[in-house]
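A.B. asks: Dumping the structure here so I can ask a few things about it.
Taken together, the values in this text are just the output of simple stated rules run on the coordinates, not laboratory data. Keep in mind the model is a prediction, meaning the values are calculated, not measured. All Cβ positions, glycine included, derive from the backbone under ideal geometry; neighbour counts span all protein chains shown.
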Amino acid sequence: MALSRLSLRSNRFLRPSTTAAALPSSIRRHVSTDTTPITIETAVPFESHLCDAPSRSVETSSAEILSFFRDMARMRRMEIAADSLYKSKLIRGFCHLYDGQEALAVGMEAAITRKDAIITSYRDHCTFLGRGGELVDAFSELMGRKRGCSNGKGGSMHFYKKDACFYGGHGIVGAQIPLGCGLAFAQKYSKEEFVTFTLYGDGAANQGQLFEALNIAALWDLPAILVCENNHYGMGTATWRSAKSPAYFKRGDYVPGLKVDGMDALAVKQACKFAKEHALKNGPIVLEMDTYRYHGHSMSDPGSTYRTRDEVSGVRQVRDPIERVRKLLLSHDIATEKELKDMEKEVRKEVDDAVAQAKESPVPEPSELFTNMYVKDCGVESFGADRKELKVTLT
Amino acid sequence: MASLLGRFCRKLVVPGSAHGSRMVSTTSCDSEAVKSLNLYSAINQALHIALETDPRSYVFGEDVGFGGVFRCTTGLAERFGKNRVFNTPLCEQGIVGFGIGLAAMGNRAVVEIQFADYIYPAFDQIVNEAAKFRYRSGNQFNCGGLTIRAPYGAVGHGGHYHSQSPEAFFCHVPGIKVVIPRSPREAKGLLLSSIRDPNPVVFFEPKWLYRQAVEEVPEHDYMIPLSQAEVIREGSDITLVGWGAQLTVMEQACLDAEKEGISCELIDLKTLLPWDKETVEASVKKTGRLLISHEAPITGGFGAEISATILERCFLKLEAPVSRVCGLDTPFPLVFEPFYMPTKNKILNAIKSTVNY
């Protein structure tokens, strides 16, 4: 009976091949604690360059898929909340939202440890959350409060989390790429078998520094995984208008590459697992994640002048990462619709509470303007209007 | 004399406090056809004229095709075609390098860097290639047709990477020119001069004024000479020197100082490299005091160069040390922007303490 329900419910995007433990629907276990392995096949095959693609069968479990759902729902909710906070001017500056791309953040986390390093661009809110960042720290940072993960001094583009080896958020396009390869360089010296995932976008893929970093990483066999988050638009410019070769996974030339359906959290997990093993043995590899962002480039960009609303809603209907996982959970009887809706409600409340808590955090002290430029006791003097009276020397 | 007339010939609306109080100085206009334009429209007009008058001129950069993120290039691609106005991929070093190459073949390349904060990948090309091309080839080759435009400066909420004022880095490079307009009318004339100047020019546009500053701008083709500073307000007690958006803040400080009986002379430098030393020197010899103000951090800012030069030239005429009211020596902050900025009150305090030295 379970099998027939499966075939009724599954659609053409999900083809579960084997269920290691097929339980009749009359006996249903607690969804969140079941770690019995399940194998799911990815909908889209991997495309590879100079390497053998990993298998399409991904090993996972009910607990994991459920955690994907919860984490992605949380990320989605956070980004939507950030949108309205920005519109009500509580978040100022620039705000680049990640909704649509959540599968990348959760899939990657599932494949690696918190000792592997991640470094990314300015679209970093969800990556921060994936690394174990707290919602309240994220919102505080967005609003420039003391409680923020960077003490309120970084803002939207500069989230960091040292204890989770999250080397942040970078405002300058592509600048994080050589930096990430440098992290991998250090990891190679430490011999602890950890890798660095360096994320960049399709816009940054045309920066010279990417190719410089690729060359050095390949020359020195660094455990660097360069992940191109191809959401098809560099701000307002489509990939076909900015890249001679939009096959970003092949642009490493002598560096192997893999193209992955970035909207499928399981495919992302498989690819990252494969990439980590590869990088530890053979040096750098490029992963191209085919993904999509629903919002414009930033909150100042409506996102509709360079693409049609039909395109955006089309992707939302057919490829939305959260919906895919929801369908998976329902078709495998891991959770009911009501349970998932309840989970989403919980997540929503979590986010609302975090926002409220963040709003209460004060802004950093004015003296914080001068701290952390140099190490303590190197001293920095700042001058008042006439430099004769106001001298703030930091010890 | 013509510049004196020009100075009185416009209606200037400037940004006031964050709550939008405005200050308008109206004077009579002469017979030339003028139109009320904001800064990005004035720049847009200048670009239209530049492309119209020279068939071998090109405008390119990131996203300029649809009009650019600040709308400075609106209508250009439609009017002059995609062969002359086009988008580049995201690579500043490539953009400037290409511009130098085009210019080296006798074309005019008007290149846009989307934010001055992103100009650093191109720094090598500008400093090592553009600035030295004529010199090292013994005048066989040059890239004088190159003009690099970039929006610079604070915008209220820009943070580290959308607010920087990097002019000081470029003022240190013999071989290029650095030009910064203060208003729409100035911008159009200065940009046309920069594009037509036979030397590579880096043209910084104060992004805060793109929409905020509205002025009567003549519709015809006109140029404002480079390397000529302008005394925009006459006074006798102290000379203030600035450029770009900072001038509006300084002007307000001057008005406040006047209420306290201090007569301030305000000079717009316009071109920072090579800068008009004579005008500033003449003014300081008259007033005996100098105050420089800029948004960039104080240490190593261009104010230091002005201070040192004036000290050399006017030492015996100075009644007080040269005062610099500038950004603080920190990265451009996000939440702390109001503390960082050289505000009207900081300038006013400095004026008073300099005058009362």
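A.B. asks: Take the residues in the stretch B:322-347 that are assigned to a strand (DSSP E or B) and at the interface with chain A (Cβ under 7 Å from one of its Cβ atoms), then tell me which one is farthest from the chain's Cα centre (by Cα).
C.D. replies: Step by step, filter the stretch B:322-347, then rank; the result is B:SER323.
A.B. asks: A:PRO223 fails exactly one of the following numbered conditions: (1) crowded, with 24+ Cβ neighbours inside 10 Å; (2) in contact with a Lys or Arg (Cβ under 7 Å, 6 or more places away or on another chain); (3) free of Cβ contacts under 8 Å to residues at least 40 places away in the same chain. What is the number of that condition?
C.D. replies: A:PRO223 satisfies every listed condition except (3).
A.B. asks: Follow-up question, since we're still on this one. Just checking, how many residues over the stretch A:152-183 are of a type in the set (Gly, Ala, Ser), part of a helix (DSSP H, G or I) and without any contact (Cβ under 8 Å) to a residue 60 or more places away in the chain?
C.D. replies: Looking only at that region, the number is 2.
A.B. asks: Please determine, by comparing only the residues of the stretch A:248-274 that are farther than 24 Å from A:ASP320 by Cβ and touching a residue at least 60 places away in the same chain (Cβ under 8 Å), which one is farthest from the other protein chains (Cβ to nearest Cβ).
C.D. replies: In this case the residue turns out to be A:PHE274.
A.B. asks: Now a separate question. Give the stretch B:276-301 a look and list any residue that's crowded, with 22+ Cβ neighbours inside 10 Å and over 19 Å from B:LEU318 (Cβ atoms), or say none.
C.D. replies: If the condition is that a residue be crowded, with 22+ Cβ neighbours inside 10 Å and over 19 Å from B:LEU318 (Cβ atoms), then B:HIS294, B:GLU295, B:ALA296, B:GLY301 are the ones that fit.
A.B. asks: Quick check on the stretch B:84-110: of everything there that is under 20 Å from A:ALA238 (Cβ atoms), surrounded by fewer than 23 Cβ atoms within 10 Å (Cβ to Cβ) and not hydroxyl-bearing (Ser, Thr, Tyr), which residue is farthest from the other protein chains (Cβ to nearest Cβ)?
C.D. replies: Ranking the qualifying residues of the stretch B:84-110, first place goes to B:PHE86.
A.B. asks: In the stretch B:188-230, which residues are among the small types (Gly, Ala, Ser) and within 17 Å of B:ASN44 (Cβ to Cβ)?
C.D. replies: Within the stretch B:188-230, B:GLY189, B:SER193, B:SER194, B:ALA213 qualify.
A.B. asks: Follow-up question, since we're still on this one. For B:ALA350, work out the one condition from (1) closer than 24 Å to B:LEU273 by Cβ; (2) aliphatic (A, V, I, L, M); (3) facing chain A (nearest Cβ under 9 Å) it doesn't fulfil.
C.D. replies: Looking at each condition in turn, B:ALA350 falls short on (1).
A.B. asks: Determine, yes or no, whether A:ASP202 is within 14 Å of chain B (Cβ to nearest Cβ), touching a strand residue (DSSP E or B) at 6+ places or on another chain (Cβ under 9 Å) and touching a residue at least 40 places away in the same chain (Cβ under 8 Å).
C.D. replies: Answer is yes for this residue.
A.B. asks: Residues in the stretch B:302-320 that are surrounded by fewer than 17 Cβ atoms within 10 Å (Cβ to Cβ) and of a type in the set (S, T, N, Q): how many?
C.D. replies: Result for the stretch B:302-320: 1.
A.B. asks: Within the stretch B:29-58, can you find the residues that are out of contact with any strand residue (DSSP E or B) (no Cβ under 8 Å at 6 or more places or on another chain) and either free of Cβ contacts under 8 Å to residues at least 60 places away in the same chain or among the basic types (Lys, Arg) (or both)?
C.D. replies: Across the stretch B:29-58, the qualifying residues are B:ASP30, B:SER31, B:ASN44, B:HIS48, B:GLU52, B:PRO55.
A.B. asks: Applying the selection to the stretch A:344-371, what residues are crowded, with 20+ Cβ neighbours inside 10 Å, touching a Lys or Arg at 6+ places or on another chain (Cβ under 7 Å) and either away from chain B (no Cβ under 14 Å) or assigned to a helix (DSSP H, G or I) (or both)?
C.D. replies: A:VAL347, A:VAL351, A:ALA358
A.B. asks: Take A:GLY93 and tell me if it is out of contact with any Pro (no Cβ under 9 Å at 6 or more places or on another chain) and free of Cβ contacts under 8 Å to residues at least 40 places away in the same chain.
C.D. replies: no
A.B. asks: I'd like to know if the stretch B:301-319 contains one or more residues that are touching a residue at least 24 places away in the same chain (Cβ under 8 Å) and facing another protein chain (nearest Cβ under 9 Å).
C.D. replies: no
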